[in-house]
Amino acid sequence: MSRANVQLDAQGNLKHFLTIDGLSRELLTEILDQTEGFLGVAEQAVKKVPLCRGKIVANLFFETSTRTRTTFELAAKRLSADVLNLNIDTSATAKGETLLDTLRNLEAMHVDMFVVRHAASGAAHFIAEHANPHVSLINAGDGRHSHPTQGMLDMFTIRQHKGNFADLCVAVVGDILHSRVARSQLLALKTLGTGEIRIIAPRTLIPAQAQALGARVFYDLREGVRDADVIIMLRLQRERMQGGMLPSEHEYFQLFGLTEDRLSTAKPNAIVMHPGPINRGVEMDSQVADGPRSVILEQVSNGIAVRMAVMSMCIGTQNLQGQGETGV
Amino acid sequence: MSRANVQLDAQGNLKHFLTIDGLSRELLTEILDQTEGFLGVAEQAVKKVPLCRGKIVANLFFETSTRTRTTFELAAKRLSADVLNLNIDTSATAKGETLLDTLRNLEAMHVDMFVVRHAASGAAHFIAEHANPHVSLINAGDGRHSHPTQGMLDMFTIRQHKGNFADLCVAVVGDILHSRVARSQLLALKTLGTGEIRIIAPRTLIPAQAQALGARVFYDLREGVRDADVIIMLRLQRERMQGGMLPSEHEYFQLFGLTEDRLSTAKPNAIVMHPGPINRGVEMDSQVADGPRSVILEQVSNGIAVRMAVMSMCIGTQNLQGQGETGV
Amino acid sequence: MSRANVQLDAQGNLKHFLTIDGLSRELLTEILDQTEGFLGVAEQAVKKVPLCRGKIVANLFFETSTRTRTTFELAAKRLSADVLNLNIDTSATAKGETLLDTLRNLEAMHVDMFVVRHAASGAAHFIAEHANPHVSLINAGDGRHSHPTQGMLDMFTIRQHKGNFADLCVAVVGDILHSRVARSQLLALKTLGTGEIRIIAPRTLIPAQAQALGARVFYDLREGVRDADVIIMLRLQRERMQGGMLPSEHEYFQLFGLTEDRLSTAKPNAIVMHPGPINRGVEMDSQVADGPRSVILEQVSNGIAVRMAVMSMCIGTQNLQGQGETGV
């Protein structure tokens, strides 16, 4: 069974959200369309919709991330679900068998959805393949592999500002090689038919499959952002530098840090994105981060709405339309 | 005042649930009957009933146990209660006086129920004896003494599969001496009039009062499970082995580990139980744990329903019948 | 802009609650009046009012305090808000810039209120000054500076027992110099027009501005409590003793510990208060703490109601009157 199939039920509806890989443009577009509907919930006096009332969402975080966990917790609560936060000590689940026993136990408690964060690539797929049919899974980041809700919130932010992907030039800047965020972004950009996709990175950090992803590769930031509509900066994983694959933070900023000056070759109305949290003075300076082209905080807001959309597509009892309580 | 009386109010209704000791067969049967009604809640589209809406349940865990805490949190949320999770550093409450001050503070905040886990036997009783009349207590495990909701979920699982206790032969296998789970199971089995109760354990792990509990003692697993209807495996507390009371894990499995072969002397439709989490290859092998006689995951599901039953009997505003929202 | 103004919106309504400093007697009285209305909620069968339904309250605790966090969590849940508990590692936010990025992120997630606890004096003001207009802030204790909800729950408890502040003599006993609680109490007592305010402390622990606060200073406990209506004991911060500013605990109790004997010079119906948790045998003995004049546990109950009042004044969608669900 292909990975795409694992994510869909017999009717082709979203059951798990593990990776962008293998999902159709139609499905990605449906996620974006649903997200549109959920944006308004945050503007209501009562910021809740009852789409997942009585459902249990368990945040299974094998890797601590308060920030990511909070976005899923908020999305679940806005959908009126109950949330269990379980920080699982990886040492206690070193054996795959024990991980399955943990899973079976939570299934037996009639948990409806697992939001899984794990340091190992493929962990979310492993769980999804072994999960009971009544359970849904969202991958909240697995190793270097995938972080699909981050990818989709970026796509939503781009569509919000720029409309049609076919007309756009989008540049992704940074440590492409190790980034699950970049992988999800590039797959989504390709699936949505983005006109031109660029990768800008040091030679050591370009993945072998860059061309397979249909991306043009640049080693120079100023060249790479020329005439771009969208510039996505990746977060620098500082621990990578110890491996010698990256120069010092200072040197990195000299070569790949975004400044107003370097942005000057991009389209005048280009937007700048970053998944956060920003290392100011490393990936970009504060003038850019807080400047008029930055949509970084909109990405955060959109992140809640995208997660609500995906959660409700997987386990919602009905769709947003026709919910008296929502007021939409 | 006897311990049984502490648990009941003036009308004989359940006020605290601290131990099986001293509770009548009628009351245990009422808990099992109430549990039956709550099983269906997990099957509803909206898995909630409003029996404890507006009530505050505080999980007072002086001993960390994510697994047990989660079952009580889920049960409380399905009853629409609000939950406070308080992991209390035992060192900060070394003096009994300070524990009482903690208790008095939470009472003053109008908490309705405390779910207490503590390493000291008798801790839950101590708190119940000093608690204000408007507060209810559930013992979620105190030292070697008692774990009554575990005992009752086991009874419920047995009744579900086997019906009348009078006709049954039930064998409990493992470290009876140190197990609060075993103590609760044996008391409940006796109170419910179980036909034959057996204990199977190494000689060093048989408690002095085994015969007072009305149990037949076996030192050989194959002999002990012969013609049994129900086989309850206890979890091996690995830390006990350091005291020299237990052989190595490998030797333990050789003598008391359950295998399909050893199960062959039991009744053909015998069920196998375990409170979890299983040490696979120690208490039983995976063939048994995942085999057709294992009801281990049903125990987990039943555990939520039993805890809902006990919580609502103690602090519910009305009973399950007549709740429009439940659909039962 | 003065600090008082930061706390009020253009219509003079409470927007943030950071300090008593600069708030009018009218506003403090309104908080006390609102609190009166919320006291009854804890007596209802369903202890909830829907004033903050759909609102998100984030507990931003840069300094761990399970006790204080619990009171705000309970208050928010009784108002039907959703609560996020975020324990923020101070080391991760050593730079003010990063603290602002954390803030901006939570704002972008449409969090409605931050309850902030921080070891640095002024932290809550710093955040309030940089927060977006749609966000409200409550100071849950910042360094030595302020703990305004504690101050107001003390005022409420005094008014409940004694009525008019103008007729009262109130003595505050202990480490005034380092106490944010004392600072908030003294400002509130003065603003509410308390007849006579006294400070009783060792010479080393009297702040320079004692007279500016309008307080009479005493170095002898028995003298200081003579004819007092209200005696507020401060909690002894044990870590202060290492700096040599305080004698040993034993010596402190000999000089400033409250006993029934020392209380004999106070008014016969005087009340004794303490913010908790009590160091029994240090600030007072158990006879006083548990005696008929102690209102310490009432302070705890009132604390929930005061926090509900302040939260709903800042972010409630309507006021308590006219809420069908409340039954008031």
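Annotations for the structure displayed:
- Proximal aspartates and glutamates relative to C:LYS55, as straight alpha-carbon distance under 18 Å, when same-chain residues fewer than 8 apart are discounted: A:GLU43, A:GLU73, A:ASP82, A:GLU325, B:ASP82, C:GLU73, C:ASP82, C:GLU107, C:ASP112, C:GLU325
- What separates the C:ARG25 label point from its copies, with the point 7 Å along Cα to Cβ, is 7.3, 7.3 nm, written shortest first.
- Structure remark: mean-square fluctuation, Gaussian network model of chain C, C-alpha springs under 10 Å; the largest value among C:ALA128, C:ALA120, C:ALA171 belongs to C:ALA120.
- Relative exposure of C:HIS145, B:HIS134, judged by other C-beta atoms within 10 Å (fewest first): B:HIS134, C:HIS145
- The same position B:HIS130 in the other copies lies at 4.5, 4.5 nm from this copy, comparing label points 7 Å beyond Cα toward the beta-carbon, shortest first.
- Residues whose amide H comes within less than 5 Å of that of B:PHE17, counting only those at least five positions distant or on another chain, are B:LEU137, B:ILE138, B:ASN139 (H built at 1.01 Å from N in the peptide plane).
- 222 nm mean residue ellipticity, helices alone, for chain A (DSSP H n ≥ 4; -39,500 (n - 2.57); rounded to 500): -11000 deg cm²/dmol
- When each of A:PHE256, A:PHE61 is scored by the number of other beta-carbon atoms lying within 10 Å, the sequence from fewest to most is A:PHE61, A:PHE256.
- Label point 7 Å beyond Cα of A:ALA212 along Cβ direction - residues of the range A:12-35 with amide nitrogen under 20 Å: A:18-25
- Taking B:LEU255, C:LEU137 and counting other C-beta atoms within 10 Å, the order from fewest to most: B:LEU255, C:LEU137
- Residue of chain A nearest the A-to-B rotation axis [by Cβ], rounded angstrom distance: A:ASN85, 5
- Converting phi to 3J(HN,Hα) with the Karplus coefficients 6.51, -1.76 and 1.60 and the offset θ = phi - 60°, the range C:262-268 yields 5, 5, 5, 7, 6, 4, x Hz in sequence order, with x at every glycine or proline.
- GNM top mover of A:LEU23, A:LEU86, A:LEU189 - chain A, alpha-carbon springs below 10 Å: A:LEU86
- In terms of distances greater than 20 angstrom between alpha carbons, the cross-link table entries A:LYS15/A:LYS47; A:LYS47/C:LYS48; B:LYS15/B:LYS47; C:LYS15/C:LYS162; C:LYS48/C:LYS162; C:LYS162/C:LYS190 yield A:LYS15/A:LYS47; B:LYS15/B:LYS47; C:LYS15/C:LYS162; C:LYS48/C:LYS162.
- Between A:THR204 and A:ASN13, the contour length at 0.36 nm per residue exceeds the alpha carbon distance by 64.8 nm.
- Point-charge dipole on Cβ atoms (K/R +1, D/E -1) for chain C, about Cα centre, debye to 20: 80
- Two tests apply to each whole DSSP H helix in chain B, Cα reach of 15 Å or more along its axis and mean Kyte-Doolittle hydropathy of at least 0.0, and the ones passing both are B:180-191, B:296-315.
- Reported to the nearest whole Å, the Cα centre-to-centre distance from the range A:251-312 to the range A:53-69 is 26.
- Phi angles of the range C:57-63 translate, via the Karplus equation with coefficients 6.51, -1.76, 1.60 and θ = phi - 60°, into HN-Hα couplings of 10, 9, 7, 9, 9, 7, 9 Hz per residue; Gly and Pro are given as x.
- Cα centroid separation - the range A:1-51 against the range B:98-150, whole Å: 44
- Environment charge at B:VAL230 (Cβ cut-off 12 Å; Lys +1, Arg +1, Asp -1, Glu -1): 0
- Inter-copy label distances at B:GLY193 (7 Å, Cα→Cβ; nm, one decimal): 7.4, 7.4
Quick note: the coordinates plus some simple rules give every number you see, no bench work behind them. Keep in mind that what you see is a predicted model, and the values were worked out from it rather than measured. Positions of Cβ are backbone-derived with ideal geometry, glycine not excepted, and every protein chain shown enters the neighbour counts.
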